[in-house]
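Colleague: Have a look at this one before I ask anything.
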């Protein structure tokens, strides 16, 4: 029995299929945009600029230029189109997407959990971690989790977070004051200065250091935000 052969290119996505092109644009009028109106005007024999034109006429101009008429905003009224070679259009689109992606910044948020009865030793231990996180450029989200009847001690949680903020004054700034949402009181602190790039340590140095145990109450979240 012959084995099934799967063509590796069968499922390859073709971006050009996301756009209506040339004769597949069947609306009577389109809005023409672009950066090659001098070239278009030369072929049309008159000045052409951004505006609404008969689809059939614009398509004829595109054919004379050996270019494509591409619908880039189908939901506009009328749809917006460009006269451009499909390969060039897709290249420019991917280039723009790459530039936008390069401008994105990865924001690391470290979560630190407290209980309403957190003792001084545990508090100081978590403050030390928070300072380290902020100095590395990460944000810190601290919260007090109330369970059962402990919610009646929410003032104690507010005092604890206010004390926590005071300890971080030199390295962080709160984005908002501690607030209670359901059974959790929380606050997020941003670093005061730009993130510090921590160089990777050599394997020899790592071996010499003792492992530092990070409590389960501390965890990391990563977000992507644009500048």
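Where a number appears in this text, it was derived from the coordinates with a stated rule and is not lab data. Model, not experiment: these values are computed from the prediction. Note that each Cβ is placed from the backbone with ideal geometry, even for glycine, and that neighbours are counted across all protein chains shown.
Colleague: Starting from the Cα gyration tensor of the range 19-96, multiply each eigenvalue by 5, take the square root, and state the resulting semi-axes largest first in whole Å.
Modeller: 17, 15, 12
Colleague: What's the extension gain from residue 29 to residue 108 if we count 0.36 nm per residue and subtract their Cα-Cα distance?
Modeller: Roughly 23.6 nm would be gained on extension.
Colleague: How high is the relative contact order of the range 18-89, given as a whole-number percent (alpha carbon pairs under 8 Å, six or more residues apart)? Write out the running numbers ahead of the final one.
Modeller: On the way: 112 pairs, mean separation 26.0, N = 72.
Relative contact order comes out at 36 percent.
Colleague: Among DSSP beta bridges lying fully in the range 18-89, give the percent that are antiparallel, nearest 5.
Modeller: Counting only bridges with both partners in the range 18-89, antiparallel ones make up about 75 percent.
Colleague: Quick one: if you stick a label point 7 Å off each Cα along the C-beta vector at residue 179 and residue 117, how many nm between them?
Modeller: The answer from the label model is 3.0 nm.
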